[in-house]
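> One structure, pasted below without further comment.
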Amino acid sequence: MGGELPRALRRLGLDVRSSLPRYPSIQLVPTTVRSRRDLTVRRGAEELSASLYRRSVRGVPFWLVDGEPVARDRGIYGGGRLEGEKFLFWCLASLRACQTFGWAPDIVHAHDWHAAAAVAWLAENRRQDPFWTKTRTVLTIHNLGYGGAGAEDAWRDFGLPPARGSNVPGWARGLPLTSALSLADVVTTVSPSYAREITTPDFGFGLDPILRGRPAAPIGILNGIDPDVWDPATDRALAARFDVDSLDRRAKNKAALQAELGFESQAAAPLIAFIGRLSHQKGIDLALQALAITLDIPWRAVVLGTGDPELEAMTASFEEGHPGRLRFRGVFDEAFSRRLYGSADIVVVPSRYEPCGLVQMIAMRYGVVPVVRATGGLLDTVRDQAAGKGTGFVFEAPSADALAAAIRRAIDLHRDERAWRALQRRGARMDFSWEKSARAYAAAFRQTLRAQRGSGA
């Protein structure tokens, strides 16, 4: 989202500028410009110096913020005080950069707890500082389960306010995300169904009272994918490229991948894929249990991903016990993931909760039929085949039995080549580009500014 949404918004005519910490992995290309202006951020009695690098990526101006808190934390994510100081410093330095360059944004669009400091600082300071008087904040929640635990002390040291209000649980008052949820002008999230779910106790992680107590409900705007990046007609990772009108060419990719993995070539046996983080949320345990239940029917499966060591060990154990049925790739390998998207017949996404999910969108673009749980963005992007005009298979309960039943339904239809091809085509023709999402965000921004003018704030 951080790269693709700004491009789509700029195509709509919005003046969007993005900011990131200057992670060690970011290479400073020759076109990068370093700001010579002094930027400082106060942490208690200290004045921390910040360096700002400016560069353009695919037409989007990026500000890269560097400084001692960023340099000390070598990773991107990791947790604890170091991570908290890095993100809080970056947020406050980004706001200082706006003032230094005289660019007063109408909207500061913050994502998750990592950017919560910008929301909280503006809520506390914009009434006293004329530069920020008209700026409003939009907070997008990508995953409510991550509130910034471990950053509480850093939050206090940077002088940021704790969350207030009768709806705020006492245990959560120091969390960055909690403060931003209570102070943001507008809250959005990454799918309509997830926007509803997070206001309930089942999916709210204890923060649902804050969301229910806000003046307006969260706005759900579905994430997108870049159709130029995910295009089977031009994807060089594939043995055979194809489009919606030449899906029969996928058979060459499937045969090549089976040979690569040491599977016996069985074109009739569906190839099932799991692509993603091996975590309780993503339901890899449900996937393995469902496959164990369906060993009586022909299929081959590939699991690609890393995550919880116990779940990695469980997957490796399944592979060892069923060497002719499943292969496990416990790595992050984009080229292999593209080959898998171009080869698999079915992708399973059995998430216990899923704010949006991109796997099912990419899969459909590549002619893979998704089997998904009815939650969050999965429910918003996949229509069940039972209706006759669906794009995949949807199951309700977060259980191995429910997933196994959906897999059986998919494999039953896979035997009907004509019906299966029609199902693939419907999925491949779905439009999940960022243009629709960008228009919805632009509308949310305009609504936020109209509300500000209407209130006289």
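> Quick check on this structure: which one of 335, 386 is over 18 Å from the mean Cα position of the chain (by Cα), within 14 Å of residue 420 (Cα to Cα) and of a type in the set (A, V, I, L, M)? Can you show your working first?
Details: 335 fails: within 14 Å of residue 420 (Cα to Cα).
Result of the check over 335, 386: 386.
> Only one residue in 63, 132, 103 is exposed (fewer than 14 other Cβ atoms within 10 Å of the Cβ), touching a residue at least 12 places away in the same chain (Cβ under 8 Å) and among the aromatic types (Phe, Trp, Tyr), so which one is that?
Details: 63 fails: exposed (fewer than 14 other Cβ atoms within 10 Å of the Cβ); 132 fails: exposed (fewer than 14 other Cβ atoms within 10 Å of the Cβ).
Answer to the check: 103.
> Out of the residues in region 184-210 meeting the condition of being of a type in the set (S, T, N, Q) and assigned to a loop (DSSP other than H, G, I, E, B), tell me which one is surrounded by the fewest Cβ atoms within 10 Å (Cβ to Cβ). Outline the logic, then answer.
First, the residues of region 184-210 that are of a type in the set (S, T, N, Q): 188-189, 191, 193, 199-200.
Filter again for assigned to a loop (DSSP other than H, G, I, E, B), leaving 191, 199-200.
On the way: 191: 23, 199: 18, 200: 11.
Of everything passing the filter in region 184-210, 200 is surrounded by the fewest Cβ atoms within 10 Å (Cβ to Cβ).
> Against the definition (at pLDDT 95 or above, part of a loop (DSSP other than H, G, I, E, B) and within 22 Å of the chain's Cα centre (by Cα)), how does residue 144 come out, yes or no? Steps first, answer last, please.
On the way: at pLDDT 95 or above: yes; part of a loop (DSSP other than H, G, I, E, B): yes; within 22 Å of the chain's Cα centre (by Cα): yes.
For residue 144, the condition - at pLDDT 95 or above, part of a loop (DSSP other than H, G, I, E, B) and within 22 Å of the chain's Cα centre (by Cα) - is met.
> Restricting attention to region 165-183, report how many residues are within 22 Å of residue 85 (Cα to Cα) and assigned to a loop (DSSP other than H, G, I, E, B).
Residues of region 165-183 that are within 22 Å of residue 85 (Cα to Cα), as a first pass: 171-183.
After this cut, where a residue has to be assigned to a loop (DSSP other than H, G, I, E, B) as well, the list is 173-175.
Here the count works out to 3.
> Looking at the structure I just gave you, is residue 337 modelled with pLDDT of 95 or more, of a type in the set (S, T, N, Q) and surrounded by fewer than 16 Cβ atoms within 10 Å (Cβ to Cβ)? Break it down into steps so the answer makes sense when it comes.
Working: modelled with pLDDT of 95 or more: yes; of a type in the set (S, T, N, Q): yes; surrounded by fewer than 16 Cβ atoms within 10 Å (Cβ to Cβ): no.
No.
> Moving to a separate point now. Which count do you get for residues in region 354-397 that are polar (S, T, N, Q), closer than 16 Å to residue 196 by Cα and not in a loop (DSSP other than H, G, I, E, B)?
Start the filter on region 354-397 by keeping residues that are polar (S, T, N, Q), which leaves 360, 375, 381, 385, 391.
Filter again for closer than 16 Å to residue 196 by Cα, leaving 375, 381.
Within this subset, residues satisfying the condition of being not in a loop (DSSP other than H, G, I, E, B) are 381.
The number of residues fulfilling the criteria is 1.
> While we're here: Being closer than 18 Å to residue 92 by Cα, in a loop (DSSP other than H, G, I, E, B) and either in contact with a Pro (Cβ under 9 Å, 6 or more places away or on another chain) or in contact (Cβ under 8 Å) with a residue 40 or more places away in the chain (or both) is the filter here; which residues of region 147-162 pass it? Explain how you work it out, then say what you get.
Here is the first cut: in region 147-162, the ones closer than 18 Å to residue 92 by Cα are 148, 151-162.
Then drop every residue that is not in a loop (DSSP other than H, G, I, E, B), which leaves 148, 151, 158-162.
Result: 148, 151, 158, 159, 160, 161.
> Going through 268, 233, 251 one at a time, which residue ends up being over 30 Å from residue 185 (Cα atoms), at pLDDT below 95 and not acidic (Asp, Glu)?
Values: 233 fails: at pLDDT below 95; 251 fails: at pLDDT below 95.
It is 268.
> Restrict the check to region 93-110 and report whether at least one residue is within 18 Å of residue 154 (Cα to Cα) and aromatic (Phe, Trp, Tyr).
no
> Looking only at region 282-320, count every residue that is in contact (Cβ under 8 Å) with a residue 40 or more places away in the chain, among the β-branched types (Val, Ile, Thr) and out of contact with any Ser or Thr (no Cβ under 9 Å at 6 or more places or on another chain) and tell me the total.
3
> In region 241-257, what residues are more than 15 Å from residue 341 (Cβ to Cβ) and either surrounded by 16 or more Cβ atoms within 10 Å (Cβ to Cβ) or within 29 Å of the chain's Cα centre (by Cα) (or both)?
255, the sole residue that qualifies.
> Of the numbered conditions (1) under 27 Å from residue 438 (Cβ atoms); (2) hydrophobic (A, V, I, L, M, F, W, C); (3) at pLDDT 95 or above, residue 89 satisfies every one except a single condition; which is it?
Going through the list (1) under 27 Å from residue 438 (Cβ atoms); (2) hydrophobic (A, V, I, L, M, F, W, C); (3) at pLDDT 95 or above, residue 89 breaks only (1).
The values are calculated or read from the model by the stated rules, or taken from the named source; none is laboratory data. Nothing here was measured: the structure is a model prediction, and the numbers come from that model. In this analysis, Cβ positions are derived from the backbone assuming ideal geometry, glycine residues included, and neighbour counts consider all displayed protein chains.
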